[in-house]
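Heads up, the thing below is written out as structure tokens.
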Amino acid sequence: MTALKDAFLSAAVALGLFGPMVGLVTHNAAAGLDLVPNPIAVAVLVGMVFFGRLGMLLWRDRHQGRPQAPNKALAETLTKASRYLTPALLALAIALPFGGSRYYVDLGTLVLTYVMLGWGLNIVVGLAGLLDLGYVAFYAVGAYSYALLAEYFGFGFWICLPLAGILAAFCGILLGFPVLRLRGDYLAIVTLAFGEIIRVILINWVSLTHGPNGISDIPRPTLFGLSFSMDGGEGTFSDFFGIEPETIQRVIFLYYVILALALLTNWATIRLRRMPLGRAWEALREDEVACRSLGIDVTNTKLSAFAIGAMFGGFAGAFFATRQAFISPESFTFIESATVLAIVVLGGLGSQLGVALAALIMVGGLEMLRELLSWLAAQMDSPFFAGIAGELPTYRMLIFGLALVVMMVLRPRGLIAGRDATATLTKQQPVARETG
Amino acid sequence: MTALLSLTGVTAFYGAIQALRGVDLEVHEGEIVTLIGANGAGKSTLMMTICGNPQARTGSIVYNGADITRLPTHLIMRQRIAQAPEGRRIFGRMTVYENLLMGAEVSGQTDIGTVMEQVFTLFPRLKERMTQRGGTLSGGEQQMLAIGRALMSRPRLLLLDEPSLGLAPLVVRQIFGAIRDLNRATGLTVLLVEQNAYQALRLAHRGYVLVNGAITMAGTGAELLARPEIRAAYLEGAHA
Ligand SMILES: Nc1ncnc2c1ncn2[C@@H]1O[C@H](COP(=O)(O)OP(=O)(O)OP(=O)(O)O)[C@@H](O)[C@H]1O
Ligand SMILES: [Mg+2]
């Protein structure tokens, strides 16, 4: 009975919220905006809340006494699965282009870009525990470094890639200095501002960056000097291998480039974690005073985390520029930082596999959801759904946000919350050598 | 005997609050020196000031013949001074083994295995718990880990801030025993801050009493134990 009352209450709240937000749709009419009521959508949502709440309460009643059970089971499954998940994901990533679908290769490239960004930010946030809300700044610095070096000096992608990384790392140190003494919330605010400053500079330094117009015709990368141009002439990929030039060749090549870059980031992070520097990052996250008392140079440790995290952001930025062939400050807004941070947090601060999974869900899952909703909308062509079918795809973010909330409720410390030890006594020899 | 560490007229401030008012203190090579005093007397501040955090505002701190008063903390701690700070401050999410490794990180030594074996001989419990996360250890085990971690850098001077805090008498005896063994076997110099004045003074060669940021009494452990004012202020019922 209480469950029923509770469900009614939730439904009432939902009605109050969704009534104006979903129930009233604005349409462009001849004379300004028209308000069109949409009662069916509201009814569906309120009904969903009502039955969802009721179901949840009943289910909880039945499982009383062991409220942690489903969560624990999930954790165990994830831990068990994670051993097989890593090779499976890697195999999938390598095999993806052989599926031959351009759509999936493009999507895979996008996902991998975010995986790489997630792994880069993971160094700063997950390992060193420095909350950075302006990570997109380094992504932007990397992208503009390549675009500008290519425009003004005609440098190719492979020369610019390390340069972009170095410039981004330099910016990381630049950000690091003023925030050395800050922690937590204060650090977050300053890094947030830093991200915005970089974007505003890109917009306003028109003579260098072309401002809001952005930079176009950014050259594509080459494969050992072979270009992927469509003319199929001398020195192109297709000419060298004697095949017809096709766009998909370049798309697949770019896919493997970002896969390699992402794996490089992962490899570097795993290596660093086992070295004194990486261990110092993690120790810093745990207790700064203790680090000092052990003789660790906290300043350098923090700066190196910012610099190395930024460097991978810079690599990813350079890749982004060469893939899009066009960049503008609009690509580097706060929402990018927020997405990458969400990936790191959702993955379980510090977990490499968790970050990859989270990127897959956040970027790939969102895209899949869009597809699914469009497909569903196409199925609902009866007049009864007339109000909803057209609107359905626009609920994508709502559903996605809800899914994220549910996920964080189930796994409050991220998908893969456990932390792997970086050293064990059975491996003492290599550890001792690295440390010495 | 030469003084390994000597403080002269050291003052320290937290903002406008003065926590140390001209402290003079000496620790000789191979000694165990204990510092006792009431809550808020400035004992932890004195320990931290030796480590340069906060730095002494006036006065000088000389260690091993060199003035370290103005050195940054991490450089002080690289001169074979190690500290087990107040409140243990072990790395909660890292394993016991990793915590110990962190202690050896900056000392640049190659035979970490040997040092770690020595720590394990001192605290066998740590060896059993090697793969456990630091944060899940019991209070006493955490204290052992904090001391063990400090020992990993093979210090000449060990600073211990209330190692007995919150521990059962048996564990306190065990830890004090370990300190004595270390001092006897390796000549390790120890500066010990303790609330547990009776045991600390019995363990120490010499002791200092800190009141309101200034040293008010000094002497050998036995001398201080015999002083009626000390018995009244710090030893009431401690060894009934
Ligand atoms: N970070 C700080 N900021 C301001 N005041 C401080 C700070 N740390 C300590 N103090 C003050 O300095 C004085 C000395 O503190 P300290 O921690 O050195 O005492 P203590 O002798 O170690 O005491 P206890 O036995 O309780 O550990 C106290 O009055 C304390 O309030
Ligand atoms: Mg204290």
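The values are calculated or read from the model by the stated rules, or taken from the named source; none is laboratory data. Bear in mind the structure is a predicted one, so any value in this text is a computation, not a measurement. Cβ atoms come from the backbone with ideal geometry, glycine included; neighbour counts cover every protein chain shown. SASA here: full protein model, heavy atoms, side chains in, ligands and nucleic acids out. Shrake-Rupley method; radii C 1.70, N 1.55, O 1.52, S 1.80 Å.
Just so you know, the Rg over Rh for the stretch A:29-145 is 1.14, from Cα atoms, with Rh as the Kirkwood radius. Candidate membrane-span-like segments in chain A, meaning DSSP H helices with Cα atoms spread over at least 27 Å of their own axis and a Kyte-Doolittle mean of -0.5 or above, are A:2-23, A:39-62, A:69-95, A:102-121, A:157-179, A:184-204, A:247-273, A:298-324, with no membrane implied. Show log10 I(q)/I(0) for the stretch A:2-62 at q = 0.16, 0.17, 0.22, 0.28 Å⁻¹, two decimals, from a solvent-free Debye sum over equal Cα scatterers. The Cα Debye sum returns log10 ratios of -0.56, -0.60, -0.80, -1.03. Distance distribution note for the stretch A:298-345: the fraction of Cα pairs above 17 angstrom is 49%.
A probe of 1.4 angstrom, applied to the heavy atoms of all protein chains, finds residue A:217 with accessible area near 140 square angstrom.
So, in Å, what gap is there between the alpha-carbon centers of the stretch A:19-60 and the stretch A:283-300? That distance is 52 Å.
All C-alpha pair distances within the stretch B:70-155, sorted into 5 Å bins from zero, spread as 3, 16, 28, 25, 17, 8, 3, 1, 0 percent across the bins. Only helical runs count toward this figure. For chain A, summing -39,500 (n - 2.57) over DSSP H runs of n ≥ 4 and dividing by all residues gives -22500 deg cm²/dmol at 222 nm. Taking N as the residue count of the stretch A:214-327, its C-alpha radius of gyration divided by 2.2 N^0.38 Å amounts to 1.55. About the centre of its Cα atoms, the stretch A:150-249 shows a dipole size close to 760 debye [charges on the beta carbon of Lys, Arg (+1) and Asp, Glu (-1) only; nearest 20 debye].
Distance between the C-alpha centres of the stretch A:113-189 and the stretch B:113-141: 39 Å, rounded to the whole angstrom.
One quarter of the surface of the convex hull around the alpha-carbon atoms of the stretch A:95-362 equals 14.4 nm², the direction-averaged projected area. When both bridge partners sit in the protein assembly as shown, DSSP labels roughly 60% of those beta bridges antiparallel.
What residues have an amide H closer than 5 Å to that of residue B:23, excluding those fewer than 5 places away on the same chain, when H is modeled at 1.01 Å from N in the peptide plane? Excluding prolines and chain starts, which carry no amide H, the hits are B:9, B:10, B:11.
Taking max minus min of the alpha-carbon positions on each principal axis, chain B gives extents of 46, 45, 36 Å, largest first. Overall shape of the stretch B:83-219 was characterised from the C-alpha gyration tensor. The equivalent ellipsoid obtained from it has semi-axes of 25, 17, 14 Å, in decreasing order.
Values of log10 I(q)/I(0) for the stretch B:40-120 across q = 0.11, 0.23 Å⁻¹ run -0.38, -1.16, by the Debye formula with one identical scatterer at each alpha carbon and no solvent.
Considered as an equivalent ellipsoid built on the Cα gyration tensor, the protein assembly as shown has semi-axes of 57, 33, 24 Å, the largest given first. Beyond 17 Å, what share of the Cα-Cα pairs of the stretch A:315-370 remains, rounded to the nearest whole percent? Roughly 50 percent, rounded to a whole number. Estimated translational diffusion coefficient (Stokes-Einstein, Kirkwood radius over Cα pairs, 10 °C, 1.306 mPa s) of the stretch A:246-288: 128 µm² per second. Amide H contacts under 5 Å for residue B:35: B:192, B:193, B:194, B:208, restricted to partners 5 or more places along the chain or on a different chain, H placed in the peptide plane at 1.01 Å from N. Sorted from greatest to least, the principal axis extents spanned by the alpha carbons of the stretch A:263-392 come out as 73, 33, 24 Å.
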